[in-house]
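Novice: To start, I am sharing the structure in question, which I have written as structure tokens.
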Amino acid sequence: MLSSNHPSLRSWIHTEPTGDFPIQNLPFGIARHHDEVAAYSAIGQFGINLHKLMGMGYFEGIDLPWGVFAQDNLNWFIEQGKGTWRAVRNRLSDILRIDTMQSLKGDHSARQKVLIPLNELQMLLPVYVRDYTDFYSSEEHATNVGTMFRGKENALMPNWKHLPVGYHGRASSIVVSGTPIRRPHGQKSTPEGEVVFGPSNLLDFELEMAFIVGKSTRMGQQVSVAEADDHTFGMVIFNDWSARDIQAWEYVPLGPFLGKNFGSSMSPWVVTMDALKPFRVQGPVQNPPVLPYLQFEGARNYDIELEVKIVPPSGQGMVVCRSNHKHLYWNMAQQLAHHTVNGCNVAVGDLMASGTISGPEKGSFGSMLEITWRGANPVKMPDGTERKFIQDHDRVIMRASCVKDGVRIGFGEVSGEVLPA
Ligand code: CA
């Protein structure tokens, strides 16, 4: 076990047991404070300015280029490789633990400069995302959607259990949590078969998580399932907003396009794969057996509890979904191995999303499409209104966290308000 993950670790900075950022988390993000943009970590209610910490010599002995934390994205830091991410997180743990030998704990003026209350930070997009790929790795989600569109017998396509189905998304419209999302216009086909243009009436969220590629590859290079760990930096919560009416009309035969690329929201704190290691669990049994290049050893899924809340303009919100990352049929190592098996090159900062993460039972479906079964069973909100899909000025808030051995590691949240078309 990594010493920085030990459940008995405590910090001299106060952390609530129900908070997202105990000393065992130490995520990475980018934030603006006054006019300065820098890389931060987080503990309790504080952000930790990593550039200032480095300037004070706290990362001595770790091979880091000067200025690596004075950037508006984490890409340069991520390029330093897994050994460096681990060394920095371990050093942070060392500085922040209650029995620390490092001087920050007792240095009041240094603490004032380095520790900034989280509510004073404006969180920015943590990475520069050059490419974004979206998978479709939840069997429950694929089955639900397939059942709606093709009937129960043909719900899963013949390829689905042989490869992690995915498509290339659009990186330019990925935004950080808190950014409003404008309801898109588009072409739609009415039930009577008439082609019309107008605002999407079936605006939906998709509950997903995404991983950030931590190592670039050259064209022709394959990343095996076993190597995938070294190529994976960390994870975020991801809302892949979808316009179901635009999507349904346009997707044949080439797949998702304008119904998907008008906006995708990500949470600002990247939780490292190191911090998530204690939460690894076995995934679903894969049957039929997968081809050798997709075979893996050990527990490769993650026990991450997920929830989606809709908050209407009245303010009376409700949780409409509780799911878990562990339900995913295809794990991230398989996704990366499959993505690169043809020699496709990936780059540091590339985002790979899971696809909607639905669980097996009602209440665990990760989209309104499934929750209301295409609008047939509307959700009753506490303020008396009904939702088939997302309405203007609704806010959708997704949260994710892992709990084990008394340690709770949170991802914070990804939220977005829908603005009128
Ligand atoms: Ca998606």
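The values are calculated or read from the model by the stated rules, or taken from the named source; none is laboratory data. The structure presented is a predicted model; accordingly, all values stated were derived computationally and were not measured. Cβ atoms come from the backbone with ideal geometry, glycine included; neighbour counts cover every protein chain shown.
So that you can scan it fast, the table gives a plain yes or no per residue for (1) at pLDDT 95 or above; (2) within 16 Å of the ligand (Cβ to nearest atom):
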{"position": "ASP230", "(1), (2)": "yes, no"}
{"position": "GLY234", "(1), (2)": "yes, no"}
{"position": "ASP240", "(1), (2)": "yes, yes"}
{"position": "PRO253", "(1), (2)": "no, no"}
{"position": "SER265", "(1), (2)": "yes, yes"}
{"position": "PRO292", "(1), (2)": "yes, no"}
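Novice: Just need a number here: residues in segment 355-396 that are within 16 Å of the ligand (Cβ to nearest atom) and either aromatic (Phe, Trp, Tyr) or farther than 30 Å from PRO164 by Cβ (or both).
Specialist: Applying the first criterion (within 16 Å of the ligand (Cβ to nearest atom)) to segment 355-396 yields 355-358, 365-371, 389-390, 396.
Next, from what is left, pick out any that are either aromatic (Phe, Trp, Tyr) or farther than 30 Å from PRO164 by Cβ (or both): 365, 389.
Count: 2.
Novice: Looking at (1) in contact with a strand residue (DSSP E or B) (Cβ under 9 Å, 6 or more places away or on another chain); (2) of a type outside the set (Val, Ile, Thr); (3) under 27 Å from THR232 (Cα atoms), which one does GLY61 not meet, given that it meets all the others?
Specialist: Evaluating GLY61 over (1) in contact with a strand residue (DSSP E or B) (Cβ under 9 Å, 6 or more places away or on another chain); (2) of a type outside the set (Val, Ile, Thr); (3) under 27 Å from THR232 (Cα atoms) leaves (1) as the failure.
Novice: Given (1) in contact (Cβ under 8 Å) with a residue 40 or more places away in the chain; (2) in a loop (DSSP other than H, G, I, E, B), identify the lone condition not met by CYS321.
Specialist: (2)
Novice: Could you please give the count of residues in segment 104-142 that are β-branched (Val, Ile, Thr), touching a Phe, Trp or Tyr at 6+ places or on another chain (Cβ under 9 Å) and within 16 Å of the ligand (Cβ to nearest atom)?
Specialist: The first filter runs over segment 104-142 and keeps only residues β-branched (Val, Ile, Thr), leaving 114, 116, 127, 129, 133.
Retained after the next criterion (residues that are touching a Phe, Trp or Tyr at 6+ places or on another chain (Cβ under 9 Å)): 114, 116, 127, 133.
Okay, now just the ones that are also within 16 Å of the ligand (Cβ to nearest atom), so 133.
Residues that pass the stated criteria total 1.
Novice: Right, another one. Need a quick list: strands (runs of 3 or more DSSP E) entirely within segment 186-246 having at least 1 residues that are more than 17 Å from the chain's Cα centre (by Cα). Quick ask: steps written out before the conclusion?
Specialist: On the way: elements: 195-199, 207-213, 232-239.
Where strands (runs of 3 or more DSSP E) fall fully within segment 186-246 and carry at least 1 residues being more than 17 Å from the chain's Cα centre (by Cα), they are 195-199.
Novice: Please give the number of the condition MET101 fails out of (1) over 27 Å from PHE238 (Cα atoms); (2) outside any loop (DSSP other than H, G, I, E, B).
Specialist: (2)
Novice: Same structure, new question: Being crowded, with 17+ Cβ neighbours inside 10 Å, of a type in the set (Lys, Arg) and within 24 Å of ASN261 (Cβ to Cβ) is the requirement here; does ARG170 meet it? Talk me through it step by step, then tell me what you get.
Specialist: On the way: crowded, with 17+ Cβ neighbours inside 10 Å: yes; of a type in the set (Lys, Arg): yes; within 24 Å of ASN261 (Cβ to Cβ): yes.
Answer is yes for this residue.
Novice: In addition: Can you tell me how many residues in segment 2-51 are under 19 Å from LYS277 (Cβ atoms) and among the polar types (S, T, N, Q)? Quick ask: steps written out before the conclusion?
Specialist: Here is the first cut: in segment 2-51, the residues under 19 Å from LYS277 (Cβ atoms) are 2-9, 20-28, 41-43.
Next, from what is left, pick out any that are among the polar types (S, T, N, Q): 3-5, 8, 24-25, 41.
Going through segment 2-51 one residue at a time, the tally reaches 7.
Novice: Further question on the same structure: Determine if segment 380-388 includes at least one residue that is within 18 Å of MET209 (Cβ to Cβ) and surrounded by fewer than 17 Cβ atoms within 10 Å (Cβ to Cβ). Explain how you work it out, then say what you get.
Specialist: First, pick out the residues of segment 380-388 that are within 18 Å of MET209 (Cβ to Cβ): none.
Within segment 380-388, not a single residue is within 18 Å of MET209 (Cβ to Cβ) and surrounded by fewer than 17 Cβ atoms within 10 Å (Cβ to Cβ).
Novice: Let me ask something else about it. Step by step: first the residues of segment 242-251, then only those that are in contact (Cβ under 8 Å) with a residue 40 or more places away in the chain and either among the acidic types (Asp, Glu) or within 16 Å of the ligand (Cβ to nearest atom) (or both), then the one that is farthest from ASP20 (Cα to Cα). Which residue is that?
Specialist: The extreme case among them is GLU250.
Novice: Taking the options PHE262, PHE257, name whichever one is farther than 24 Å from HIS325 by Cβ, in contact (Cβ under 8 Å) with a residue 24 or more places away in the chain and not in a helix (DSSP H, G or I).
Specialist: Details: PHE257 fails: in contact (Cβ under 8 Å) with a residue 24 or more places away in the chain.
Step by step, each of PHE262, PHE257 is checked, and only PHE262 is farther than 24 Å from HIS325 by Cβ, in contact (Cβ under 8 Å) with a residue 24 or more places away in the chain and not in a helix (DSSP H, G or I).
Novice: Whether any residue in segment 356-366 is of a type in the set (A, V, I, L, M), touching a residue at least 60 places away in the same chain (Cβ under 8 Å) and out of contact with any helix residue (DSSP H, G or I) (no Cβ under 7 Å at 6 or more places or on another chain) is what I want to check. It would help to see each step written out before you state the result.
Specialist: Filtering segment 356-366 down to residues of a type in the set (A, V, I, L, M) leaves 357.
When the remaining residues are screened for being touching a residue at least 60 places away in the same chain (Cβ under 8 Å), the result is 357.
Retained after the next criterion (residues that are out of contact with any helix residue (DSSP H, G or I) (no Cβ under 7 Å at 6 or more places or on another chain)): none.
Within segment 356-366, none of the residues are of a type in the set (A, V, I, L, M), touching a residue at least 60 places away in the same chain (Cβ under 8 Å) and out of contact with any helix residue (DSSP H, G or I) (no Cβ under 7 Å at 6 or more places or on another chain).
Novice: Here's a follow-up. Go through segment 70-98 and count every residue that is outside any helix (DSSP H, G or I) and touching a Pro at 6+ places or on another chain (Cβ under 9 Å).
Specialist: Taking segment 70-98 and keeping what is outside any helix (DSSP H, G or I), we get 70-74, 80-81, 97-98.
Pick out the ones that are also touching a Pro at 6+ places or on another chain (Cβ under 9 Å) and you get 73-74, 80.
Counting residues in segment 70-98 that are outside any helix (DSSP H, G or I) and touching a Pro at 6+ places or on another chain (Cβ under 9 Å) gives 3.
Novice: While we're looking at this one, here's another question. Just name the residue that is nearest to the ligand (Cβ to nearest atom) out of those in segment 334-353 that are at negative phi and assigned to a loop (DSSP other than H, G, I, E, B). Steps first, please.
Specialist: Of all residues in segment 334-353, those at negative phi come to 334-342, 344-348, 350-353.
Now drop any that are not assigned to a loop (DSSP other than H, G, I, E, B), which leaves 341-342, 344-348, 350.
Working: VAL341: 22, ASN342: 22, CYS344: 19, ASN345: 23, VAL346: 18, ALA347: 21, VAL348: 22, ASP350: 16 Å.
Ranking the candidates gives ASP350 first.
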